[in-house]
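Encoded as structure tokens, the structure appears first; notes follow it.
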Amino acid sequence: MSKSARSIHWRLAVFGITVTASLLLWGCSKPNTGSRATTSEIHNVTRKALDNLVFVEGGTFMLGDVGVLSGRPYTTLDDDNKPPVEVSLDSYSISKFETTWGDFLVYLRDVNRADIYTPDAGFKSARVLPITANNDPLSPNYYRKPAWSPNYQEAEGYCAWLAEKTGYPFALPTEAQWEFAARSRGRDVPYATNDGTMKNDTYLQRPDQYVDPSIPPSGNALSHSSLKKERRPVGSYPPSPIGLYDMTGNVAEWTQDWYNKDAYKHIASHNPHGPDAPSDPYNPEKVVRDYAGHGDYLGGGDTVFVRGSESIDNPSNGFRCVVNQGMPVE
């Protein structure tokens with residue numbers, strides 16, 4: 001199937017015109033890409049997905065740019081996160097790490113799509129590496145580095161695949177779940193770091209020919225130009241107070257909410273899921289969080305409050321999954 005045909009197929013599926021079981025199941029931890037995933041590889045990935053969950057006790061918080069409530073003239077220049085609104089969430093669990101290349105490729109191989117997103121297959125996005133992974137820590141495709149999903153659907157599909165394999169209700173986080181967790185249960189902090197401030201690792205702030213991944217991490221987060229394909233392995237920086245990594249920096253992350261600039265004016269007060277449909281059916285966009293993962297510093301763009309809008313075909317975002325269960329996963 002060509003890239004354009006796949007895009008049309010997905011757009012039809014998103015709006016319910018065609019629904020098949022394969023849409024939910026499309027698709028180490030030292031991976032290969034040439035064969036279907038083995039039972040052992042699948043077990044290792046799913047077991048790790050369960051082991052890496054952090055339980056987030058539910059509560060009530062102000063979703064949005066709370067800088068306007070605490071005397072700061074602004075935290076971000078955007079208007080789509082103002083004024084903040086009070087919402088409450090039930091308890092859930094969230095992955096402490098962004099999904100890695102190694103784990104993502106086990107999914108793609110299991111659903112027999114590992115060869116679709118390669119230059120040889122016609123997938124030549126400038127921001128997506130060939131879907132290969134290896135054991136070299138100096139490589140952009142090192143299996144412990146965060147994956148860029150080639151589109152929204154494969155990120156959603158990975159979480160659905162975990163749900164099918166484990167029996168637990170894995171899904172992409174809602175926008176509210178993502179921000180509540182990034183702010184360590186709704187604290188008034190602009191960055192999802194160990195201390196709420198950002199001390200950027202500087203190793204990507206140099207010409208590409210001088211970037212050396214062997215240099216040890218510095219600071220407490222990595223924000224970098226979206227034109228650079230290099231990232232740090234997950235867990236390279238100190239965790240947030242509730243034990244989460246890289247919710248500021250490394251890669252930007254998909255959420256399951258459709259984007260609407262006025263969403264906060266109409267948002268549900270309990271377990272909000274965003275709009276029921278995209279604002280523009282011809283260019284459906286989802287909310288992406290953590291624009292520090294795109295290296296956007298201007299106007300507070302690297303804070304946890306920023307709401308990005310990205311086409312569902314955009315290939316330059318990572319993701320992590322949640323489990324929508326009100327008690328810890330054992």
- Query: Among the DSSP beta bridges whose two residues both lie in the stretch 49-165, what percent are antiparallel, rounded to the nearest 5?
  - Reply: 90 percent
- Percent breakdown of C-alpha pair distances by 5 Å bin, ordered from the shortest bin, for the stretch 99-248: 2, 9, 15, 18, 20, 17, 13, 6, 1, 0
- Where the Cα pairs of the stretch 49-90 fall when distances are cut into 10 Å bins, in %: 26, 34, 26, 13, 1
- Query: Hey, how many Å between the Cα centroid of the stretch 103-125 and the Cα centroid of the stretch 262-330?
  - Reply: 24 Å
- Item | Rel. contact order, % - alpha carbon contacts under 8 angstrom, at least six apart, the stretch 242-330 | 34 percent
- Message: Once you compute Rg and the Kirkwood Rh from C-alpha atoms, what is the Rg to Rh ratio for the stretch 203-330?
- Response: 1.01
- Rank by packing, highest mean first: peptides 267-280, 146-159, with packing defined as the count of other Cβ atoms within 10 Å averaged across residues. 146-159, 267-280
- Message: Just want to confirm a number: the relative contact order over the stretch 71-219, from Cα pairs under 8 angstrom separated by 6+ residues, in percent.
- Response: 18 percent
- Task: Determine the percent antiparallel among the DSSP beta bridges restricted to the stretch 194-330, to the nearest 5.
- Result: 70 percent
- Note on the structure: Compactness summary of the stretch 62-183: radius of gyration and Dmax from Cα atoms, Å, are 18.3, 54
- Message: Can you tell me the length gained on complete extension of the stretch residue 268 to residue 214, counting 0.36 nm per residue apart and subtracting the Cα distance?
- Response: 14.8 nm
- Quick one: if the Förster radius is 56 Å, what FRET efficiency do residue 225 and residue 330 give, using the C-beta to C-beta distance and rounding to 0.05? 0.85
- Query: Which loop chymotrypsin sites (Phe, Trp or Tyr not before Pro) in the stretch 241-330, with loop taken from DSSP, have no more than 12 other Cβ atoms within 10 angstrom of their Cβ?
  - Reply: 282
- Item | Highest to lowest packing among 169-178, 321-330, 136-145, scored as the average C-beta count within 10 Å | 169-178, 136-145, 321-330
- Message: Please give the charge dipole size of the stretch 150-194, origin at the Cα centre, charges +1 on K and R Cβ atoms and -1 on D and E Cβ atoms. Round to the nearest 20 debye.
- Response: 240 debye
- Note on the structure: Once normalised by the length of the stretch 124-194, the mean sequence separation of its alpha carbon contacts under 8 Å that are 6 or more apart gives a contact order in percent of 14 percent
- For the chain, inverting the pair-averaged 1/r of distinct alpha-carbon atoms gives a Kirkwood value in Å of 19.9 Å
- Scalar couplings 3J(HN,Hα) for the stretch 223-236 by Karplus 6.51 cos²θ - 1.76 cosθ + 1.60 (θ = phi - 60°), nearest whole Hz, x for Gly and Pro, are 10, 8, 4, 5, 7, 8, 8, 7, 9, 9, x, 4, x, 6
- Item | 94, 215, reordered so the largest accessible area comes first (probe 1.4 Å) | 215, 94
- Note on the structure: Descending accessible area (1.4 Å probe), largest on the left, turns 316, 125, 40 into 40, 125, 316
- Note on the structure: Residue-normalised 222 nm signal for the chain, counting each DSSP H run of n ≥ 4 as -39,500 (n - 2.57), nearest 500 deg cm²/dmol, is -5500 deg cm²/dmol
- Have a look at the DSSP beta bridges in the chain and tell me what percent are antiparallel, nearest 5. 80 percent
- Note on the structure: Out of 173, 147, 117 - ranked by how far each Cα lies towards the positive end of the dipole of the stretch 71-217, with unit charges on the beta-carbon of charged residues - the top one is 147
- Note on the structure: Partner lysines whose C-alpha sits under 26 Å from that of residue 228, ignoring same-chain residues fewer than 8 away, are 3, 30, 96, 124, 145, 199, 286
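The values are calculated or read from the model by the stated rules, or taken from the named source; none is laboratory data. The structure displayed is predicted, hence computed values, not measured ones. Every residue, glycine among them, receives a Cβ derived from its backbone with ideal geometry; neighbour counts consider all protein chains shown. Side chains included, ligands, DNA and RNA excluded: accessible areas come from the protein's heavy atoms. Shrake-Rupley method; radii C 1.70, N 1.55, O 1.52, S 1.80 Å.
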